[in-house]
Amino acid sequence: MKKLISILLLWAILSATNIAAPLYYGALENNIGARATAFNQAYTALADSPEALHWNPAGLASQSNTEIAAMYATLFDEVQTRWVSVSTPLAGGIVSLGYHGMMVPNNITTDSLGNAIGNFNFIDDAIILGYAHMLDQWQVGVSVKCVRQEALEQNLGTNMDIGVIYNAEPFSVGLVAADILNTPLGPDSFAHKIRLGIAYRADNLLLTGDMHYTINRNTITMLGAEYRFCDEFSILGGFGQTYSLGARLKVLGFAIDYAFTPHDLGCIHYFQVGIRL
């Protein structure tokens with residue numbers, strides 16, 4: 001396990017020497033999962049819900065049953081984003097398959113003189129396949145993603161994330177190397193990322209903190225918290241580049257998550273429903 005962590009850190013150092021091409025920004029660079037969004041993305045060491053497939057695939061190893069989840073949000077009145085995933089025990093660990101999509105409708109296309117000649121929908125979506133395994137206090141996971149961007153032409157790209165979580169109650173520490181391959185997506189390239197997080201659990205209170213480093217770009221930090229009033233209801237919040245609020249309600253075997261984030265172009269509401277079979 002120490003060898004794996006050393007390899008991830010060495011990869012980050014070597015990647016930092018690469019000359020950055022225009023970077024991909026699309027569905028996978030937006031908030032995925034209402035619970036993770038409510039934590040303001042301070043989710044690397046926690047990753048205890050199906051959206052772990054995106055934030056830290058190692059978190060999938062904490063599941064013991066089949067889980068299905070679906071999320072929907074409308075950004076700025078017209079931009080639609082959705083997430084659906086299913087995970088189940090298989091091959092000594094947890095296998096998960098997820099889909100995330102975003103569509104920006106009614107974009108205007110023009111001719112060389114700037115005259116409108118039609119419109120098109122910009123589509124950006126991804127299919128992600130992940131696997132995680134528990135090794136004593138360690139959780140280890142990997143995910144592979146296939147991304148499609150479609151506007152006036154279609155571009156396809158693939159990449160991979162590797163994550164670990166170390167549990168030492170009441171703390172856990174998570175590390176993710178995201179988009180580790182030097183693969184293109186049309187004229188763009190994936191941005192290599194390192195996510196480092198810590199989580200602390202104390203009775204009804206859960207605290208999280210993350211540092212996300214996008215190589216050759218920037219480093220951002222964020223904090224998150226959850227207070228559980230009872231097993232069925234909790235409130236969440238986070239702070240980073242902006243703030244976030246949320247809540248979780250468990251009823252009749254379903255987990256219902258809600259998150260809110262502000263934006264200059266309008267507030268964004270995320271709704272998610274999950275069930276554990």
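The values are calculated or read from the model by the stated rules, or taken from the named source; none is laboratory data. On a predicted model such as this, the values are computed, not experimentally measured, just so you know. Virtual Cβ from ideal backbone geometry, glycine too; neighbours counted across all protein chains shown.
Can you find even one residue in the range 138-145 that is in a loop (DSSP other than H, G, I, E, B), aliphatic (A, V, I, L, M) and without any contact (Cβ under 8 Å) to a residue 24 or more places away in the chain?
To start, the set of residues in the range 138-145 that are in a loop (DSSP other than H, G, I, E, B) comprises none.
No, the range 138-145 contains no residue that is in a loop (DSSP other than H, G, I, E, B), aliphatic (A, V, I, L, M) and without any contact (Cβ under 8 Å) to a residue 24 or more places away in the chain.
Could you check the range 176-247 for strands (runs of 3 or more DSSP E) lying wholly inside it with 3 or more residues that are closer than 20 Å to residue 165 by Cα, out of contact with any helix residue (DSSP H, G or I) (no Cβ under 7 Å at 6 or more places or on another chain) and among the basic types (Lys, Arg)?
Numbers: elements: 193-202, 205-214, 218-230, 233-239.
The strands (runs of 3 or more DSSP E) meeting that bar are 193-202.
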Of all residues in the range 216-229 being modelled with pLDDT under 95 and over 16 Å from the mean Cα position of the chain (by Cα), which is farthest from residue 33 (Cα to Cα)?
216
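Residue under question is residue 126, and the condition is that it be buried (at least 16 other Cβ atoms within 10 Å of the Cβ) and either over 30 Å from residue 201 (Cβ atoms) or modelled with pLDDT under 85 (or both); does it hold?
Working: buried (at least 16 other Cβ atoms within 10 Å of the Cβ): yes; either over 30 Å from residue 201 (Cβ atoms) or modelled with pLDDT under 85 (or both): yes.
The answer is yes for residue 126.
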Taking the range 252-265 and the residues there that are closer than 18 Å to residue 38 by Cβ and touching a Phe, Trp or Tyr at 6+ places or on another chain (Cβ under 9 Å), the one that is surrounded by the fewest Cβ atoms within 10 Å (Cβ to Cβ) would be 263
Enumerated helices (runs of 4 or more DSSP H) restricted to the range 1-109, each holding at least 1 residues that are charged (D, E, K, R) and either touching a strand residue (DSSP E or B) at 6+ places or on another chain (Cβ under 7 Å) or at pLDDT 70 or above (or both)
34-38
Qualifying positions in the range 123-137 - out of contact with any Leu (no Cβ under 7 Å at 6 or more places or on another chain) and without any contact (Cβ under 8 Å) to a residue 60 or more places away in the chain
123, 127, 136, 137
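Would a scan of the range 150-158 turn up a residue that is under 24 Å from residue 196 (Cα atoms), surrounded by 13 or more Cβ atoms within 10 Å (Cβ to Cβ) and modelled with pLDDT of 95 or more? Quick ask: steps written out before the conclusion?
Within the range 150-158, the first condition is being under 24 Å from residue 196 (Cα atoms), and the residues that meet it are 158.
Among the residues that remain, those that are also surrounded by 13 or more Cβ atoms within 10 Å (Cβ to Cβ) are: 158.
If we keep only those that are modelled with pLDDT of 95 or more as well, we get none.
Looking for residues that are under 24 Å from residue 196 (Cα atoms), surrounded by 13 or more Cβ atoms within 10 Å (Cβ to Cβ) and modelled with pLDDT of 95 or more, one finds none in the range 150-158, hence no.
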Going by the conditions given, is residue 176 surrounded by fewer than 21 Cβ atoms within 10 Å (Cβ to Cβ), touching a Ser or Thr at 6+ places or on another chain (Cβ under 9 Å) and at pLDDT 95 or above?
no
